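K.L.:
Got a structure for you, questions after.
The values are calculated or read from the model by the stated rules, or taken from the named source; none is laboratory data. Here the structure is a predicted model, which is why all the values come from computation and not from measurement. The accessibility values were calculated without ligands, DNA or RNA, using every heavy atom of the protein model including side chains. Shrake-Rupley method; radii C 1.70, N 1.55, O 1.52, S 1.80 Å.
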Amino acid sequence: MKKDLERGQNPLMGFLKKKLQNTFIVLEIQVNETKAKQYAFTNIEKYNKLKEKNPLIEKLRTTFDLDI
């Protein structure tokens, strides 16, 4: 995303400088490289996420012989 923003920087900066009437504006791009939050989409991913929060859910599943 940083590279896409850098590619579109010239038209964006031209627009901002003109609208704000300020030629000293500078765009600084900082990237936070920490791992993004992962979302669970499939049933197995949702189950594993729940199992991380509460390990007893595995016992519940095996007790009642439930499928994922």
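K.L.:
Per DSSP H run of at least 4 residues, take -39500 (n - 2.57); add these up for the chain, divide by its residues and hand me the 222 nm value, nearest 500 deg cm²/dmol.
P.N.:
About -15500 deg cm²/dmol.
K.L.:
Given a 1.4 Å probe, how much area per residue of the chain is accessible, in Å²?
P.N.:
Accessible surface, normalised per residue, equals 101 Å².
K.L.:
Could I ask something else about it? Tell me, in nm to one decimal, what length is gained between Thr62 and Val31 on full extension, where the rule is 0.36 nm per residue of separation less the Cα-Cα distance?
P.N.:
Numbers: separation 31, 0.36 × 31 = 11.16 nm, distance 4.41 nm.
Taking 0.36 nm per residue and subtracting the Cα distance, the gain is 6.7 nm.
K.L.:
Need the list of aspartates and glutamates near Lys53 for cross-linking: C-alpha distance under 14 angstrom, and skip anything on the same chain fewer than eight residues off.
P.N.:
Those aspartates and glutamates meeting the cut-off are Glu45.
K.L.:
While we're here: Leaving out same-chain residues fewer than 8 places away, which lysines sit with a Cα under 30 Å from that of Lys17?
P.N.:
Lys2, Lys3
K.L.:
Between helix 43-53 and the chain, what is the angle of the helix's C-alpha long axis to the longest principal axis, kept within 0 to 90° and rounded to the nearest 10?
P.N.:
Between helix and principal axis, roughly 80 degrees.
K.L.:
Sticking to Cα atoms, compute the Rg of the chain to one decimal and its Dmax as the biggest Cα-Cα distance, whole number, in Å.
P.N.:
Cα radius of gyration and Dmax of the chain are 24.0, 70 Å respectively.
K.L.:
Could you name the lysines in cross-link range of Lys49, using Cα to Cα under 16 Å and dropping any fewer than eight places away on the same chain?
P.N.:
Qualifying lysines at Cα under 16 Å: Lys37, Lys59.
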